[in-house]
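So the structure is just underneath, and the comments pick up after that.
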């Protein structure tokens, strides 16, 4: 089994152009998600072998992507004009990608809406923000 370091993973935001250009979001720390899952429907009948339940997968769910950033309110990937705050303010569906460096730069692409941006300013810490985005539509899997 191969093992990869996640250090150096990039979260990039698309510009909506054709072809689309992606810019790395500055100061990204830990990234979680998106969690891929499937709904299912019970298909168990009185004839199900051995009396075991049977299911059929139905709708595919894409989940959330959450991450913290070392927040710089003047950075163009963070600010309220062109950055994550602008994406939230405008309720924009935007293309993003996660680039995994140790895998030969495999890319996980997805469209998402920013649902939350929560700054935090601890007395003895860095100015940070927690971001939550919801993936919409079919992602591009590595």
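Of the residues that make up region 32-40, is at least one more than 20 Å from residue 66 (Cβ to Cβ), loosely packed, with under 10 Cβ neighbours inside 10 Å and without any contact (Cβ under 8 Å) to a residue 24 or more places away in the chain?
There is no residue in region 32-40 that is more than 20 Å from residue 66 (Cβ to Cβ), loosely packed, with under 10 Cβ neighbours inside 10 Å and without any contact (Cβ under 8 Å) to a residue 24 or more places away in the chain.
Does residue 39 satisfy the criteria of being farther than 18 Å from residue 113 by Cα, in contact with a strand residue (DSSP E or B) (Cβ under 8 Å, 6 or more places away or on another chain) and in a strand (DSSP E or B)?
Answer is yes for this residue.
Quick check: is even one residue across region 80-87 under 17 Å from residue 33 (Cβ atoms), surrounded by 19 or more Cβ atoms within 10 Å (Cβ to Cβ) and within 17 Å of the chain's Cα centre (by Cα)?
Yes, region 80-87 contains at least one residue that is under 17 Å from residue 33 (Cβ atoms), surrounded by 19 or more Cβ atoms within 10 Å (Cβ to Cβ) and within 17 Å of the chain's Cα centre (by Cα).
For residue 8, indicate whether it is in contact with a helix residue (DSSP H, G or I) (Cβ under 8 Å, 6 or more places away or on another chain) and more than 21 Å from residue 135 (Cα to Cα).
So residue 8 fits the description; yes.
Can you say whether residue 91 is under 20 Å from residue 139 (Cα atoms), assigned to a loop (DSSP other than H, G, I, E, B) and at pLDDT 95 or above, as far as the supplied structure shows?
So residue 91 passes the test.
Considering region 1-24 alone, what residues qualify as being in contact (Cβ under 8 Å) with a residue 60 or more places away in the chain, closer than 17 Å to residue 68 by Cβ and not in a loop (DSSP other than H, G, I, E, B)?
10, 11, 12, 13
Would you confirm whether any residue within region 2-24 is under 26 Å from residue 124 (Cα atoms), surrounded by 11 or more Cβ atoms within 10 Å (Cβ to Cβ) and either at pLDDT below 95 or touching a strand residue (DSSP E or B) at 6+ places or on another chain (Cβ under 7 Å) (or both)?
Within region 2-24, none of the residues are under 26 Å from residue 124 (Cα atoms), surrounded by 11 or more Cβ atoms within 10 Å (Cβ to Cβ) and either at pLDDT below 95 or touching a strand residue (DSSP E or B) at 6+ places or on another chain (Cβ under 7 Å) (or both).
State yes or no: is residue 39 over 20 Å from residue 137 (Cα atoms) and over 18 Å from the mean Cα position of the chain (by Cα)?
It is false that residue 39 is over 20 Å from residue 137 (Cα atoms) and over 18 Å from the mean Cα position of the chain (by Cα).
Would you check if there is a residue in region 54-65 being in contact (Cβ under 8 Å) with a residue 60 or more places away in the chain, closer than 23 Å to residue 137 by Cα and in a loop (DSSP other than H, G, I, E, B)?
The answer is yes, given that some residue of region 54-65 is in contact (Cβ under 8 Å) with a residue 60 or more places away in the chain, closer than 23 Å to residue 137 by Cα and in a loop (DSSP other than H, G, I, E, B).
Name the residue, out of 50, 118, 27, 137, that is touching a residue at least 40 places away in the same chain (Cβ under 8 Å), surrounded by fewer than 14 Cβ atoms within 10 Å (Cβ to Cβ) and out of contact with any helix residue (DSSP H, G or I) (no Cβ under 7 Å at 6 or more places or on another chain).
Of 50, 118, 27, 137, the one residue that is touching a residue at least 40 places away in the same chain (Cβ under 8 Å), surrounded by fewer than 14 Cβ atoms within 10 Å (Cβ to Cβ) and out of contact with any helix residue (DSSP H, G or I) (no Cβ under 7 Å at 6 or more places or on another chain) is 137.
The values are calculated or read from the model by the stated rules, or taken from the named source; none is laboratory data. Model, not experiment: these values are computed from the prediction. Positions of Cβ are generated from backbone atoms using ideal geometry, with glycine treated the same way; all protein chains shown enter the neighbour counts.
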